[in-house]
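This report refers to the structure that appears directly beneath it.
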Amino acid sequence: MAVVENALRDAHGHLSGADLAKPLEYQDPNQSVRILGFWLFLATDMLLFGCLFATYLVLRTHTDGGPTARELFDIPGFTAETFILLTSSFTGGLATLAMRNRNRKQVLAWLTVTILLGLSFVGLEVQEFYKDVLEGATMQRSAFLSAFFTLVGTHGSHVSLGIVWMFSILLQVAKRGLTQVTARKVFIVNLYWHFLDVVWVFIFTVVYLFGVVM
Amino acid sequence: MPESLRQFADTYLMWQEGPMIWISDVLILLTSVGIVATLTYFKKWKWLWREWLTTVDHKKIGIMYLIAALLMMFRGGADGLLMRTQLAAPGMHFLDAEHYDQIFTTHGTIMILFMAMPFIFALFNIVVPLQIGARDVAFPYLNAISFWLFFFGALLFNISFVFGGSPDAGWTSYPPLSELGFDNGPGENFYLLALQISGIGSIATGINFLVTILKMRAPGMTLMKTPLFTWSVLSACIMIIFAFPALTVALALLMLDRIVGTHFFTILQGGNPMMFINLFWIWGHPEVYIVVVPAFGVFSEVVATFARKETFGYTSMVAALLSISVISYFVWAHHFFTMGAGADVNTFFAVATMAVGIPTGVKVFNWLFTMYRGRIRMSLPMLWTIAFVPCFVIGGATGVMLAVAPADYQYHNSYFLIAHFHQVLIGGVVFGMLAGMYYWWPKMFGFKLDERLGRWAFWFFNIGFYVCFMPQYALGFMGMQRRMYTYPADMGWGTLNFVSTIGAYLMGIGFIFIVAQVLYSIKHGERDLTGDPWDGRTLEWSLPSPVPHYNFAVIPTVTDRDMWWVLKEEGRTEELRPKKEDIQPIHMPKNSGRPFLMGVAFFVAGLGFVFNWYVLAVLGLLGVVVTLLRRSFEYDDEYYIQPEEIEHVESALGRL
């Protein structure tokens with residue numbers, strides 16, 4: 001441990017300069033510290049979702065005579081959402097790869113694809129929610145639905161925020177090219193995006209699959 | 001027009017509530033006018049904005065946290081005195097039941113979240129970078145955001161008193177009591193939003209300091225050479241990161257229940273109030289360790305310095321801190337042993353609760369062994385530390401009594417519990433934070449606080465403490481329950497309650513002495529010209545007081561745990577003085593007004609949600625998004641301090 005953090009400073013206590021052996025986003029110690037900070041943020045976000053999952057699991061059978069998970073969930077719909085989001089995580093990964101290969105055009109292209117896939121995911125989710133509400137399955141109907149909409153909706157709003165954020169970073173890469181700073185930003189926004197993907201895998205399993213099976 | 005005006009005054013200004021609110025309104029108005037007039041008269045607006053509101057300097061942020069914490073201690077203390085006055089005699093009608101509910105709610109919430117939390121954050125900010133040989137925290141801009149979120153959260157909470165009405169469902173805010181159906185005033189919304197906003201700031205502080213401690217230590221300072229206060233901050237930050245998201249979720253879900261009409265915790269339509277209680281205490285129990293663990297860090301520093309000995313059992317101290325931060329997650333259900341979880345669950349949580357006593361005991365014995373055969377100096381920080389030991393031992397013992405699940409059915413929600421948690425939280429956190437404040441005060445401000453007035457404060461506060469809380473253990477056994485606003489004379493609780501109230505007022509006098517001490521010392525306090533007034537052991541004492549804004553002109557290389565002490569012993573202190581040839585330009589973050597503006601935006605959004613004024617809420621949230629985006633597009637946010645300027649400052653301080 002000590003070696004890592006001391007490597008950040010030279011004999012005069014200054015943060016040492018770029019280490020070209022590392023990936024672009026980690027070369028400047030200032031940027032790599034920010035990446036660590038973001039990992040810790042993701043830990044807090046993971047716990048946030050953990051609490052929402054716990055609440056959902058406690059309340060999933062509390063339907064109060066209203067629609068149950070099995071009646072509600074539309075298998076083609078959530079399967080499509082899953083494929084789209086998983087693909088977007090892959091294209092986001094390709095953007096990171098292109099960033100490490102210093103290919104700005106590819107970064108911009110893959111970020112655009114990721115954003116478009118993200119938008120279609122959100123679109124499908126809004127459509128799903130809209131359909132549920134039309135059938136009378138609102139979040140006020142029962143504790144189960146409150147928990148369902150809150151858990152899935154929190155993920156959806158994270159994705160929406162991610163889209164705005166990714167777009168702002170796309171603009172920055174377009175304007176400034178790939179520097180150590182923009183590289184860190186591309187890396188972090190993709191970290192966030194992958195994290196949302198991981199959360200979705202749990203939502204897919206715990207909410208949707210359990211919901212239609214059990 | 002006058003009719004609508006009157007309606008506004010009745011609804012929001014609570015004009016019908018009577019003289020207490022009127023007096024508060026007038027006082028608040030006068031204070032605000034006074035502040036504005038003073039700032040204008042002395043032409044200090046620009047200074048306020050440039051030096052304080054936009055600062056990203058961890059030392060200034062720490063000072064602002066400290067001021068806020070002391071102000072909140074006053075507010076929370078005034079609430080406490082109002083409660084004790086109401087309970088002084090049987091059948092009192094000084095306050096009515098509704099007001100009493102509001103006052104115990106704000107007392108608890110303020111003391112934990114808006115007094116203890118900023119107090120520990122004050123010390124985090126002031127001490128940690130200096131102790132580890134860093135120029136700043138890892139994320140200075142985020143640090144400023146954390147402060148302003150705390151500040152505006154606290155402001156939102158406090159204005160509820162005169163604008164719309166205070167929360168009244170207890171500091172734990174249990175549903176269904178706090179659901180819209182039973183509590184439809186805006187008070188509960190104030191509680192939920194204020195805690196939510198300041199909670200976001202706390203999570204950011206946890207992340208910030210964890211990264212700072214892991215990544216910013218001076219060369220040579222391995223983790224096992226890191227000072228114990230810094231270790232305690234590390235432990236507290238781990239708990240913050242793991243605990244606060246649960247609070248965020250609990251508050252958000254209750255907010256949804258109240259605003260959107262969901263059914264997480266309602267009795268009808270499948271809601272389950274126990275879910276809130278679990279989520280709340282998954283945060284709430286670690287929270288009490290979050291505030292007490294930094295106090296443990298303070299005691300470790302103070303004992304070593306004032307006994308002039310190396311801390312006994314450094315490694316076991318570190319192990320104890322880390323085990324506390326882990327065990328803190330396995331005890332939350334001891335807050336509701338009586339809610340029918342069953343014997344197996346209760347047994348697990350009872351045993352885990354008692355287990356916390358082990359590392360805590362290790363720490364207390366280590367402090368005692370450090371003092372043993374030390375050349376102890378009874379300065380103020382040491383005085384508070386020594387007072388802490390018996391206080392915490394009694395509090396710990398009654399805690400173990402409460403942890404016996406079957407016996408807890410007797411004590412639950414009684415004054416025995418009240419006495420216990422005040423004993424550990426005042427004896428642990430308040431004593432610890434005051435010790436830390438006295439200890440690092442010269443480092444912050446360049447002068448010592450007056451000893452004589454400080455001793456008066458100490459004795460009033462300490463004697464007052466025992467007079468106030470010891471009777472409450474007995475009252476608990478005699479059947480008096482918490483949150484009762486009055487009681488009949490034939491219960492036989494009158495005498496003990498009266499004694500308890502006297503104790504509370506003695507503590508109040510103690511606080512007044514602290515205020516007097518600060519005011520007196522600003523002018524007459526002993527100036528600290530050496531930078532090392534206590535003959536300290538760690539790196540912060542190698543710097544001048546107050547510390548220049550870049551902290552270290554040259555970052556030291558660390559070889560020992562008590563680096564500064566070893567250098568002094570060996571006559572090598574010159575090594576930590578900057579040499580002209582070593583001085584290089586220093587990279588510093590630029591000040592920014594955006595963290596402050598983001599706090600304002602959160603405040604506006606919070607106010608909007610409190611009163612369901614959604615236009616305001618949306619405007620506030622837009623403000624948050626805009627400040628976030630502006631930051632994302634900001635590149636030119638750092639500058640260099642040139643060597644000439646550093647040389648100039650250092651030679652003015654006589655260090656070059």
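The values are calculated or read from the model by the stated rules, or taken from the named source; none is laboratory data. Only a predicted model underlies this, so the values are computations on that prediction, with no experimental measurement involved. Every residue, glycine as well, gets a Cβ built from its backbone with ideal geometry; the counts of neighbours run over all protein chains shown. Note: accessible area is taken over every heavy atom of the protein model, side chains too, but ligands, DNA and RNA are not part of it. Shrake-Rupley method; radii C 1.70, N 1.55, O 1.52, S 1.80 Å.
Annotations
- Scanning the range A:171-186 for residues being part of a helix (DSSP H, G or I), more than 15 Å from A:ILE115 (Cα to Cα) and either open to solvent by 50 Å² or more (accessible area, probe 1.4 Å) or more than 13 Å from chain B (Cβ to nearest Cβ) (or both) gives a total of 4.
- Leading residue by the ranking (farthest from B:ILE112 (Cα to Cα)) among those in the range B:195-219 that are at the interface with chain A (Cβ under 7 Å from one of its Cβ atoms) and not in a helix (DSSP H, G or I): B:PRO219
Residue-wise test of (1) more than 14 Å from chain A (Cβ to nearest Cβ); (2) without any contact (Cβ under 8 Å) to a residue 40 or more places away in the chain; (3) open to solvent by less than 30 Å² (accessible area, probe 1.4 Å).
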{"residue": "B:PHE94", "(1), (2), (3)": "yes, yes, no"}
{"residue": "B:ALA97", "(1), (2), (3)": "yes, no, no"}
{"residue": "B:ASP101", "(1), (2), (3)": "yes, no, no"}
{"residue": "B:LEU123", "(1), (2), (3)": "yes, no, yes"}
{"residue": "B:VAL127", "(1), (2), (3)": "yes, no, yes"}
{"residue": "B:GLY133", "(1), (2), (3)": "no, no, yes"}
{"residue": "B:LEU149", "(1), (2), (3)": "yes, no, yes"}
{"residue": "B:VAL162", "(1), (2), (3)": "yes, no, yes"}
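- Qualifying position, being part of a loop (DSSP other than H, G, I, E, B) and β-branched (Val, Ile, Thr), among B:VAL558, B:VAL604, B:VAL566, B:VAL600: B:VAL558
- Selected residue (only one of B:SER178, B:SER235 is open to solvent by less than 10 Å² (accessible area, probe 1.4 Å), more than 30 Å from A:GLY136 (Cα to Cα) and away from chain A (no Cβ under 12 Å)): B:SER235
- Among the residues making up the range B:103-124, those that are more than 12 Å from the chain's Cα centre (by Cα) and either under 14 Å from B:SER202 (Cβ atoms) or β-branched (Val, Ile, Thr) (or both) are B:ILE103, B:THR105, B:THR106.
- Among the residues listed as A:ALA43, A:ALA54, A:ALA11, A:ALA18, the single one being open to solvent by 10 Å² or more (accessible area, probe 1.4 Å), more than 7 Å from chain B (Cβ to nearest Cβ) and modelled with pLDDT of 95 or more: A:ALA54
- Residues located in the range A:86-113, provided they are open to solvent by less than 10 Å² (accessible area, probe 1.4 Å) and under 11 Å from A:VAL186 (Cβ atoms): A:GLY92, A:ALA95, A:ALA98, A:MET99, A:VAL107, A:LEU111
- Members of the range B:605-637 found to be open to solvent by less than 70 Å² (accessible area, probe 1.4 Å) and acidic (Asp, Glu), listed by number: B:GLU634, B:ASP637
- Candidates B:LYS46, B:LYS60 - the one that is open to solvent by 40 Å² or more (accessible area, probe 1.4 Å) and more than 23 Å from the chain's Cα centre (by Cα): B:LYS46
- Note on the range A:131-148: residues that are more than 7 Å from every other protein chain (Cβ to nearest Cβ) and assigned to a loop (DSSP other than H, G, I, E, B) total 5.
- Residue check, B:ILE646 open to solvent by less than 50 Å² (accessible area, probe 1.4 Å) and touching a strand residue (DSSP E or B) at 6+ places or on another chain (Cβ under 9 Å): yes
- Residue within the range B:243-250 that is open to solvent by 10 Å² or more (accessible area, probe 1.4 Å) and either within 11 Å of another protein chain (Cβ to nearest Cβ) or of a type in the set (S, T, N, Q) (or both) present: yes
- Of all residues making up the range A:68-85, the number that are within 20 Å of the chain's Cα centre (by Cα) and either surrounded by 15 or more Cβ atoms within 10 Å (Cβ to Cβ) or among the hydroxyl-bearing types (Ser, Thr, Tyr) (or both): 8
- Being within 14 Å of chain A (Cβ to nearest Cβ), touching a His at 6+ places or on another chain (Cβ under 6 Å) and not β-branched (Val, Ile, Thr) is true of B:GLY270.
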